[in-house]
Amino acid sequence: MKIVIAGATGFIGSILTDRLWNQYHDLTLLSRRPPVETDIPKRRWFEWRPGYGGEWEKAVDGSDGIVNLVGEPIAAKRWNEAQKERLRLSRLAATKAMVDAIVKANVKPKFLLNASAVGYYGARGDEPITESAGPGHDFLARLCVDWENEAKQAEASGVRVVLLRTGIVLAKNKGALAKMVPPFKSFFGGPLGRGQQWMPWIHIEDEIGLITYLIENTDARGAFNATAPNPVTMNEFSKTLGDVLNRPSWARVPPSVLALMLGEVSEMLLNGQRAVPDAAVKLGYVFKYPHLPEALKSLNL
């Protein structure tokens, strides 16, 4: 396939790029800061700034599909109003640029797989959340709604749209585990807050596996929770991580301390979603790592 990947240098994008390239797909890769690669067949890099057009738009015309993973990291900084606007623009402008390129294309791509997040659902307590659940009302939920609505505009051009609502992706030295593992190894690991909030996790192999499955399956459209079938609470996650690392899980971080350190971002960490991958399972995707202990052990932390 000829596939355009936006956000190809990010955490998930870089791993997906290597996986698809090794499967002999022809890739057009978009990044604000593309690496310098020479004489590598079927890997073309373009610098891109959403809203300004560019040579990359020509690659959309006649491509088989687009994977859009662009977005400023959600929890990298405190959420003041300026940062919230950056989070919105980084997602909405990029998605709008992709849809605009699709509209301009003479030969439309067959699919647009667009990133989203389980934050779409807001805080839902112990309620099991499938893709049929409605959105929440907090900042992150409203952001996801607007983000997905931008992507859905591609449907008017006859494009199959997939909305990937990703949870906490587990990978060695990356993402959430890059911040969680060092305290545990120093014997200061423990749960955040009361620990009763749900953690909708997914192993990186299943994140990539599900993306490639949804790309290839022409019946895949609409929202998919990219989460393992067995979410756990923060207490369970911390206990399991400690067991895998042969460390105790005792240094609980009180909600008041999190709020002082992170501001509004702390609410996201203290209010999880018990999201389950109902749509993916019904479509036939088989998870390689459905249970947390095996998932963590496989990463050789």
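The values are calculated or read from the model by the stated rules, or taken from the named source; none is laboratory data. Note that the structure is a prediction, hence the values are computed from the model and not measured. Cβ coordinates were reconstructed from backbone atoms using ideal geometry, including for glycine residues, and neighbour counts include every protein chain displayed. Accessible surface is based on the protein model in full, side chains and every heavy atom, while ligands, DNA and RNA are left aside. Shrake-Rupley method; radii C 1.70, N 1.55, O 1.52, S 1.80 Å.
The table below gives the values:
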item	result
Matching residues in the stretch 267-286 - criterion: being polar (S, T, N, Q) and either over 18 Å from Gly167 (Cβ atoms) or in contact with a strand residue (DSSP E or B) (Cβ under 7 Å, 6 or more places away or on another chain) (or both)	Gln273
Test: Arg33 is assigned to a loop (DSSP other than H, G, I, E, B), open to solvent by 40 Å² or more (accessible area, probe 1.4 Å) and either over 25 Å from Gly175 (Cα atoms) or of a type in the set (Lys, Arg) (or both)	yes
Among the candidates Ala75, Ala93, residue that is among the aliphatic types (A, V, I, L, M), in a helix (DSSP H, G or I), in contact (Cβ under 8 Å) with a residue 12 or more places away in the chain and out of contact with any Leu (no Cβ under 6 Å at 6 or more places or on another chain)	Ala93
Residue that is least open to solvent (accessible area, probe 1.4 Å), among those in the stretch 10-30 that are touching a helix residue (DSSP H, G or I) at 6+ places or on another chain (Cβ under 8 Å) and not aliphatic (A, V, I, L, M)	Thr28
The lone exception for Trp56 - which of (1) at pLDDT 90 or above; (2) open to solvent by less than 10 Å² (accessible area, probe 1.4 Å) it fails	(1)
Which listed residue is under 18 Å from Ile12 (Cβ atoms) and without any contact (Cβ under 8 Å) to a residue 60 or more places away in the chain, from Glu216, Glu294	Glu216
Residue list for the stretch 142-175, filter: under 14 Å from Arg91 (Cα atoms), part of a helix (DSSP H, G or I) and not aromatic (Phe, Trp, Tyr)	Arg142, Leu143, Cys144, Val145, Asp146, Glu148, Asn149, Glu150, Ala151, Lys152
Residues being more than 14 Å from Glu267 (Cα to Cα) and open to solvent by less than 70 Å² (accessible area, probe 1.4 Å) - total across the stretch 77-87	4
Candidates Phe287, Phe224 - the one that is in a loop (DSSP other than H, G, I, E, B), open to solvent by less than 30 Å² (accessible area, probe 1.4 Å) and among the hydrophobic types (A, V, I, L, M, F, W, C)	Phe287
Scan of the stretch 253-266 for residues that are outside any helix (DSSP H, G or I) and either at positive phi or touching a strand residue (DSSP E or B) at 6+ places or on another chain (Cβ under 8 Å) (or both), ordered by number	Val253, Gly263
